[in-house]
1. Identify, by number, the condition in (1) surrounded by 12 or more Cβ atoms within 10 Å (Cβ to Cβ); (2) of a type in the set (Gly, Ala, Ser); (3) closer than 24 Å to residue 21 by Cβ that residue 342 doesn't meet.
2. Considering only the range 57-68, how many residues are over 14 Å from residue 280 (Cβ atoms) and either of a type outside the set (A, V, I, L, M, F, W, C) or surrounded by 24 or more Cβ atoms within 10 Å (Cβ to Cβ) (or both)?
3. What pairs come up if the first residue lies in the range 237-258 and is among the basic types (Lys, Arg), the second is modelled with pLDDT under 95, and their beta carbons are under 7 Å apart, counting only those six or more places apart or on different chains?
4. From 296, 292, which residue is in a loop (DSSP other than H, G, I, E, B), surrounded by fewer than 16 Cβ atoms within 10 Å (Cβ to Cβ), more than 16 Å from the ligand (Cβ to nearest atom) and among the acidic types (Asp, Glu)?
5. Select from the range 235-255 the residues that are of a type in the set (Gly, Ala, Ser) and modelled with pLDDT of 95 or more and write down the one among them that is surrounded by the most Cβ atoms within 10 Å (Cβ to Cβ).
6. Would you tally the residues in the range 201-223 being touching a Lys or Arg at 6+ places or on another chain (Cβ under 7 Å) and surrounded by fewer than 17 Cβ atoms within 10 Å (Cβ to Cβ)?
7. Just checking, how many residues over the range 67-91 are under 25 Å from residue 236 (Cα atoms) and outside any loop (DSSP other than H, G, I, E, B)?
8. Out of the residues in the range 295-334 meeting the condition of being touching a Phe, Trp or Tyr at 6+ places or on another chain (Cβ under 9 Å) and of a type in the set (D, E, K, R), tell me which one is modelled with the highest pLDDT.
Amino acid sequence: MYIQESEFTMVEEGFVARDLMEEIINDVSQTDDRDAFFVADLGDVVKKHLRFLKALPRVKPFYAVKCNSSRGVVQILAEMGAGFDCASKTEIELVQGIGVKSEHIIYANPCKQISQIKYAAKSGVNKMTFDNEVELSKISRNHPNAKMVLRIATDDSKSSGRLSVKFGAPLKACRHLLEMAKNLNVEVIGVSFHVGTGCSDPQAYAQSIADARLVFEMASEFGHKMSILDIGGGFPGTEDSKIRFQEIADLINPALDLYFPESSAVDIIAEPGRYYVASAFSLAVNIIAKKEVQMETSGSDDEEIDLNKTIMYYVNDGVYGSFNCIFFDHAHPKPILHKKPSPDQPIYSSSLWGPTCDGLDKIAEHLNLPELYVGDWLLFNNMGAYTVAASSTFNGFQQTRIHYAMPRGAWAAVQLLKRGFQQPEGKETVCTPMSCGWEISDSLCFPHTLTSTGII
Ligand SMILES: *Cc1c(COP(=O)(O)O)cnc(C)c1O
């Protein structure tokens with residue numbers, strides 16, 4: 001595995017990210033060097049992958065690199081045979097750099113710079129999306145082997161991050177685009193959509209799958225050979241999300257069987273981002289400064305909270321770093337105290353601020369916390385999606401380091417999956433996870449049918 005040894009810890013079964021955090025906190029607490037850090041539980045990513053294959057057996061996931069492009073995540077997904085949704089030259093370079101084949105990449109950005117289209121052409125990345133005429137002309141001049149996927153707009157009104165305001169052709173524009181592609185000799189091979197990130201309306205998937213069927217029909221009128229349906233991302237990545245992944249899968253599967261039955265021989269792919277990484281990352285930040293603000297008011301009805309003062313805490317990661325998700329992803333991260341407070345400690349209304357000199361750099365306010373001290377730690381769960389991905393070094397503060405943890409059992413499962421996806425030389429049968437009877441419970445489970453096929 002390519003992950004650097006220093007950042008990568010193999011852990012025993014039963015490990016929780018919190019154990020590794022404790023260990024790191026213990027180590028650094030002997031020193032003054034208490035930088036913020038992430039613990040990434042790659043076992044959680046493995047579990048998500050197995051769950052995806054089980055819940056959506058006809059769908060091949062192409063992980064959306066923009067959600068979290070950290071090397072450990074990308075590498076473990078590549079090892080397990082996932083495909084990748086890349087949106088730029090750099091993302092293509094990243095996944096090709098670890099050996100991902102170009103067939104396993106979709107360049108899923110409908111509006112691309114010409115030099116980057118040329119780069120895709122040169123590196124053999126042919127599958128790419130479009131939603132407008134100008135893109136088609138650019139493709140016809142710069143990428144003769146392109147296999148285009150038409151991105152259609154969706155009703156994303158019930159998603160926290162709307163994407164159809166920017167991308168996606170309305171259904172009524174599709175006929176014209178398909179005709180133009182024909183005239184320009186540009187091959188169109190499929191349809192994609194994205195219901196918006198943080199989608200709370202699973203019906204949006206079923207509706208878009210039905211719409212995609214209409215576009216398939218139109219495309220075949222123009223002689224396009226349609227073979228790919230891409231159902232995008234938008235799947236939840238945490239247990240506490242409004243709608244559960246399984247509920248979405250339970251709507252998608254019958255819609256696929258209705259509009260794209262197996263007999264249609266259409267390959268179905270998805271572009272999950274958040275789903276894979278949100279719950280795998282936990283963040284520990286350290287209090288670097290503190291300010292008490294005396295309040296004029298006194299005498300409160302609420303006996304639990306001392307209103308004589310509020311406390312401002314300054315920690316060593318903020319909205320210009322990992323907490324950019326507050327602005328870019330509408331997130332509301334909630335801290336967990338590292339040290340358990342005793343029940344009789346007074347509680348103060350508190351706020352949390354990042355380390356930069358900008359007043360905008362506020363992580364949370366109106367938190368009811370016991371008094372904390374410089375050097376204390378605060379922990380945040382579910383910090384894997386759209387966090388490290390867009391963090392900057394504004395004001396000279398460095399990006400937060402990631403410690404990867406790989407449970408031994410999950411690692412073994414990855415090795416099994418690897419063999420499952422790649423036919424071993426000299427073997428007649430291909431054993432893919434889709435055809436194996438996976439049994440996935442909360443603790444990782446091994447695909448026992450793989451063992452009985454004699455492949456291992
Ligand atoms: C952002 C994005 C994704 C990933 O979305 P999630 O909601 O994180 O699953 C997938 N496809 C495209 C085209 C995207 O822009």
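The values are calculated or read from the model by the stated rules, or taken from the named source; none is laboratory data. From a predicted model like this one, the values you see are computed outputs, not experimental measurements. Positions of Cβ are generated from backbone atoms using ideal geometry, with glycine treated the same way; all protein chains shown enter the neighbour counts.
1. Result: residue 342 fails condition (1) only.
2. Residues meeting the conditions: 8.
3. Close Cβ pairs satisfying both conditions: 242/200.
4. Numbers: 292 fails: in a loop (DSSP other than H, G, I, E, B).
Result: 296 is the single residue among 296, 292 that is in a loop (DSSP other than H, G, I, E, B), surrounded by fewer than 16 Cβ atoms within 10 Å (Cβ to Cβ), more than 16 Å from the ligand (Cβ to nearest atom) and among the acidic types (Asp, Glu).
5. Applying the filter and picking the extreme gives 237.
6. Counting residues in the range 201-223 that are touching a Lys or Arg at 6+ places or on another chain (Cβ under 7 Å) and surrounded by fewer than 17 Cβ atoms within 10 Å (Cβ to Cβ) gives 2.
7. Adding up the residues that qualify gives 15.
8. Start the filter on the range 295-334 by keeping residues that are touching a Phe, Trp or Tyr at 6+ places or on another chain (Cβ under 9 Å), which leaves 305-325, 328-329, 331, 333-334.
With the extra rule that they be of a type in the set (D, E, K, R), the set shrinks to 306, 309, 317, 329, 334.
Numbers: 306: 81, 309: 91, 317: 98, 329: 93, 334: 95.
It comes out as 317.
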